[in-house]
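The values are calculated or read from the model by the stated rules, or taken from the named source; none is laboratory data. Note that the structure is predicted; figures quoted are calculated from it, not measured. Virtual Cβ from ideal backbone geometry, glycine too; neighbours counted across all protein chains shown. All accessible areas refer to the heavy atoms of the entire protein, side chains included, with ligands and DNA or RNA removed. Shrake-Rupley method; radii C 1.70, N 1.55, O 1.52, S 1.80 Å.
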Amino acid sequence: MSDTSKIEIRSLRKSFGDNEVLKNINLEVPKGGVVALIGPSGSGKSTLLRCINLLVVPDGGSVRVGDTSFSFGDGARLPDVRTLATFRATTGMVFQHFNLFPHMTTLQNVMEGPVTVRRMAKADAEKLARAQLAKVGLAEKADQYPATLSGGQKQRVAIARALAMEPDVMLFDEATSALDPELVGEVLAVIQQLASEGMTMVIVTHEIAFAREVADRLIFMRDGVVVEEGPSRQVIDHPQEAATRAFLSHFHRAGALPPANATS
Ligand SMILES: Nc1ncnc2c1ncn2[C@@H]1O[C@H](COP(=O)(O)OP(=O)(O)OP(=O)(O)O)[C@@H](O)[C@H]1O
Ligand SMILES: [Mg+2]
């Protein structure tokens, strides 16, 4: 086990009924590292991400985030509810759909976790929440309700809400896929800023050019296995496996990538 890795996944397995969705997955993310996870629909990306914060309980293998680790499989005791809750609080997750509370203002949405889960005093939680809203560029929207925000703004509130838990790592599951194209950039900019500040992140994305730019490493998954992984630019510009090439060719055709010989 490496001293510097923030996330370490070993021999992870997960099935839903007969459907073996994750087959012996290994993944290590160093502190401050950014890993992009790409692959076709149904390849197991979301399930892997959900296993990292134990929203999905693996059938076998181990998961470690920071100093906390869990083993699964024969004879392993499942973590109790309280342990799970504490653990999840250290892994911020952002989904495709923002799931903000509609009856709460932006500020109240971001304060909710610190107050109810972290038992923070309201005044402190408010200060923290305002700081996180400022960070995602929404300080002036604190008193508005989610219904009055654009999709990009809602997603930035969702990111602020996750950050207000002061997580060790951030997990993004297609955080921009539900957005209108013109709103994607503002959310990617926030993710990019987090990367530059040294946040450890795993990002499931279809934004290949963004993954190439922001992620240190890229993992291409198919049918529950890691087919190829390496430095993101290397994998995207010079994929070694036929399956990776086939997957990436869709994006080349769509013009979403710089030419393969681009150097920066
Ligand atoms: N809760 C569940 N119950 C049963 N099957 C599930 C569950 N969650 C996922 N699956 C199945 O696991 C497989 C992998 O799903 P997963 O959502 O991880 O794929 P994905 O790579 O994230 O796909 P997409 O790009 O479409 O989001 C699929 O066959 C899916 O139907
Ligand atoms: Mg998914």
- Query: Between a first residue in the range 192-215 that is polar (S, T, N, Q) and a second residue that is open to solvent by 40 Å² or more (accessible area, probe 1.4 Å), which pairs have beta carbons less than 8 Å apart while being 6 or more apart in sequence or on different chains?
  - Reply: Q192/E213; Q193/K135; T200/P30; T200/K31; T200/D168
- Query: So which residues in the range 150-167 are open to solvent by less than 10 Å² (accessible area, probe 1.4 Å) and among the polar types (S, T, N, Q)?
  - Reply: Q155
- Message: Quick test of your reading of the structure: R13 fulfils all but one of (1) charged (D, E, K, R); (2) away from ligand 2 (no atom under 16 Å from the Cβ); (3) buried (at least 21 other Cβ atoms within 10 Å of the Cβ). Name the failing condition by number.
- Response: (3)
- Selection from the range 8-24 of residues more than 8 Å from ligand 1 (Cβ to nearest atom) and either on the phi > 0 side of the Ramachandran plot or assigned to a helix (DSSP H, G or I) (or both) yields S11, N24
- Query: Applying the selection to the range 63-78, what residues are open to solvent by less than 30 Å² (accessible area, probe 1.4 Å) and not aromatic (F, W, Y)?
  - Reply: V63, R64, V65, G66, G73
- Message: Quick test for you: out of D124, D143, pick the one residue that is of a type in the set (D, E, K, R), away from ligand 1 (no atom under 16 Å from the Cβ) and either surrounded by 24 or more Cβ atoms within 10 Å (Cβ to Cβ) or in a helix (DSSP H, G or I) (or both).
- Response: D124
- Query: Among the residues of the range 82-90, is there at least one that is away from ligand 2 (no atom under 16 Å from the Cβ), within 21 Å of the chain's Cα centre (by Cα), of a type in the set (S, T, N, Q) and buried (at least 17 other Cβ atoms within 10 Å of the Cβ)?
  - Reply: no
- Quick one: count up the residues across the range 25-53 that are on the phi > 0 side of the Ramachandran plot and buried (at least 21 other Cβ atoms within 10 Å of the Cβ). 2
- Message: Can you confirm whether V63 is away from ligand 1 (no atom under 14 Å from the Cβ), over 14 Å from I219 (Cβ atoms) and within 16 Å of the chain's Cα centre (by Cα)?
- Response: yes
- Task: Say whether the condition of being within 16 Å of ligand 2 (Cβ to nearest atom) and in a strand (DSSP E or B) is met by at least one residue in the range 146-169.
- Result: no
- Task: For the range 183-224, enumerate the residues that are within 19 Å of I52 (Cβ to Cβ) and more than 16 Å from ligand 2 (Cβ to nearest atom).
- Result: I191, L194, A195, G198, M199, T200, M201, V214, A215, D216, R217, L218
- Which pairs do you get when a residue that is within 16 Å of V202 (Cα to Cα), found in the range 3-32, comes within reach of a residue that is among the small types (G, A, S) and outside any strand (DSSP E or B), reach meaning Cβ atoms under 6 angstrom, with the pair 6+ apart or on two chains? G32/G198
- Query: How many residues are modelled with pLDDT under 85 and either farther than 23 Å from K6 by Cα or within 16 Å of ligand 1 (Cβ to nearest atom) (or both) if we restrict to the range 78-103?
  - Reply: 1
- Message: Here's a check for you: in the range 16-56, which residue that is of a type in the set (S, T, N, Q) and over 13 Å from the mean Cα position of the chain (by Cα) is farthest from K6 (Cα to Cα)?
- Response: N19
